[in-house]
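S.K.: Mind having a look at this structure? Questions to follow.
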Amino acid sequence: MKIAFIGLGNMGGGMAANLVKAGHEVSAFDLSPEALARAKENGCAVFGTVQEAVTGVDAVVSMLPNGAIVDTVYGADVIGQAPQGALFLDCSTIDVDTARKVTTAAEAAGYAMVDAPVSGGIAAANGGTLTFMVGGTDDAFVRAEPILAAMGKAVIYAGTSGAGQAAKICNNMLLGASMIATCETFRLAEKLGLDLQTFYDISSKASGQNWSMTSYCPVPGVGPQSPADNGYQGGFAAALMLKDLKLAMEAADSVDAEVPMGEKAASLYEAFAQNGSGGMDFSAIIKTL
Ligand code: NAD
């Protein structure tokens, strides 16, 4: 297929390269010359504008920083420029309302669109092992699935338009809150005189077990290799966790949902990022407890 890829940063760069490896013809656009140079090395054709990149394509994939940018890029440069009937796949993490608004505008102009945010970081984007959670019509999902499968290990249908974004922010709200709960628990265990490896061995087989503990332990030297073993570098930046928690808080407000643990996690990550630690892995929040 001919696929335009817009936003080839940390995540999009590797994703576009995997589309090329799967045999697609990829036309790339990014505001950053460095991102475009990397895209060219990875076999993409590079263009100076979005309009040129989307001309004549079967599908458009985007991996952009936020909802306002997604709205502008599709509204100004993709809708009306891409060929009629083309499929749009926005893989960025954005708010549910913007995802629905852009899809409605695309559908009104004769296109199909899915929101398909990802779970997995830069390594998964490069390795083609992302998990996609997809919102859209059944028909759009059927068309999107093989394109997404070339960039990931799992493609899961979440429901109608916006459902992919809803699943993503609900999952990440749970992750943010459970990471902090795991961190404070290790600190308490330590103060109570428990050996942390012993506590891990017990809790990882008891009812406190959770992903933040057993797959991504925030304590160096305990559990499998994680960013804690690498000075909290790499992994999933605290600033991105804060972004997702803010989206979750906005979404909760919009439907009048009570999310006290999510709110607390958002305020702790906000303070952590304001102290200049937004670039560290999100498990580094243990240092503040
Ligand atoms: P990034 O900042 O590295 O990449 C974004 C790219 O978009 C940049 O190259 C930037 O130049 C480009 N861009 C910005 N405005 C543009 C425009 N108007 N037109 C064209 N290109 C434009 O960010 P990232 O880490 O790749 O994240 C992208 C998305 O993926 C975000 O929505 C993020 O929340 C989500 N995400 C990131 C991770 C992660 O671990 N980095 C994990 C899951 C989801």
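S.K.: Can you pull out every residue in region 138-148 that is open to solvent by less than 70 Å² (accessible area, probe 1.4 Å) and more than 16 Å from the chain's Cα centre (by Cα)?
M.R.: Ala140, Phe141, Ala144, Ile147, listed by residue number.
S.K.: Do we find that Thr98 is polar (S, T, N, Q) and farther than 22 Å from Leu240 by Cα in this structure? First the steps, then the outcome.
M.R.: Numbers: polar (S, T, N, Q): yes; farther than 22 Å from Leu240 by Cα: no.
The answer is no for Thr98.
S.K.: List, please: which pairs have Cβ atoms under 9 Å, are six or more places apart or on different chains, and start with a residue in region 21-33 that is closer than 13 Å to Ile69 by Cβ and end with one that is assigned to a strand (DSSP E or B) and of a type outside the set (Phe, Trp, Tyr)?
M.R.: Within 9 Å, the pairs are Phe29/Ala4; Phe29/Ile6; Phe29/Val46; Asp30/Ile6; Asp30/Val46.
S.K.: With the structure loaded, tell me whether Gly152 is at pLDDT 95 or above, surrounded by 23 or more Cβ atoms within 10 Å (Cβ to Cβ), within 15 Å of the ligand (Cβ to nearest atom) and under 18 Å from Lys243 (Cβ atoms) or whether it fails that test. Show your work before the answer.
M.R.: Working: at pLDDT 95 or above: yes; surrounded by 23 or more Cβ atoms within 10 Å (Cβ to Cβ): yes; within 15 Å of the ligand (Cβ to nearest atom): yes; under 18 Å from Lys243 (Cβ atoms): no.
No, not satisfied.
S.K.: Something else: Which numbered condition in (1) without any contact (Cβ under 8 Å) to a residue 40 or more places away in the chain; (2) surrounded by fewer than 21 Cβ atoms within 10 Å (Cβ to Cβ); (3) not polar (S, T, N, Q) is the only one that Phe272 fails?
M.R.: (2)
S.K.: Ok, one more. In this structure, does Glu184 turn out to be closer than 21 Å to Val259 by Cα, open to solvent by 50 Å² or more (accessible area, probe 1.4 Å) and more than 16 Å from the ligand (Cβ to nearest atom)?
M.R.: yes
S.K.: Only residues that are more than 8 Å from the ligand (Cβ to nearest atom), among the polar types (S, T, N, Q), under 19 Å from Gly164 (Cβ atoms) and in contact with a Ser or Thr (Cβ under 9 Å, 6 or more places away or on another chain): list them for region 63-104, please.
M.R.: Thr103, Thr104
S.K.: Could you say which residue among Glu184, Glu190 is under 17 Å from Ala238 (Cβ atoms) and of a type in the set (D, E, K, R)?
M.R.: Glu184
S.K.: Still on this structure, please answer the following. Any chance region 128-138 includes a residue that's more than 15 Å from the ligand (Cβ to nearest atom) and either within 19 Å of Gly7 (Cα to Cα) or in contact (Cβ under 8 Å) with a residue 40 or more places away in the chain (or both)?
M.R.: Looking for residues that are more than 15 Å from the ligand (Cβ to nearest atom) and either within 19 Å of Gly7 (Cα to Cα) or in contact (Cβ under 8 Å) with a residue 40 or more places away in the chain (or both), one finds none in region 128-138, hence no.
S.K.: Let me ask another. Between a residue in region 102-120 that is in contact (Cβ under 8 Å) with a residue 40 or more places away in the chain and among the aliphatic types (A, V, I, L, M) and any residue that is open to solvent by 20 Å² or more (accessible area, probe 1.4 Å) and away from the ligand (no atom under 16 Å from the Cβ), which pairs come within a Cβ distance under 8 Å, given they are 6 or more apart or on different chains?
M.R.: Met113/Glu107; Met113/Ser161; Val114/Phe141; Val114/Ser161
S.K.: Quick check on my filter: what residues within region 103-137 are within 18 Å of the chain's Cα centre (by Cα) and β-branched (Val, Ile, Thr)?
M.R.: Within region 103-137, Val114, Val118, Ile122, Thr129, Thr131, Val134 meet the criteria.
S.K.: May I pose another question? Looking for whichever is over 21 Å from Ser92 (Cα atoms) and under 20 Å from the mean Cα position of the chain (by Cα) here; the options are Ser267, Ser226. Which one fits? Talk me through it step by step, then tell me what you get.
M.R.: Details: Ser267 fails: under 20 Å from the mean Cα position of the chain (by Cα).
The conditions single out Ser226.
S.K.: May I ask you to list pairs of residues, at least six apart or on different chains, whose Cβ atoms are under 6 Å apart, with the first in region 47-73 being in contact (Cβ under 8 Å) with a residue 40 or more places away in the chain and the second being within 12 Å of the ligand (Cβ to nearest atom) and open to solvent by 60 Å² or more (accessible area, probe 1.4 Å)?
M.R.: From region 47-73, the pairs are Ala53/Phe47.
The values are calculated or read from the model by the stated rules, or taken from the named source; none is laboratory data. None of the values given here were measured: they were computed from a predicted structure. Positions of Cβ are generated from backbone atoms using ideal geometry, with glycine treated the same way; all protein chains shown enter the neighbour counts. What goes into the accessible areas is simple: the full protein's heavy atoms, side chains included, and nothing from ligands, DNA or RNA. Shrake-Rupley method; radii C 1.70, N 1.55, O 1.52, S 1.80 Å.
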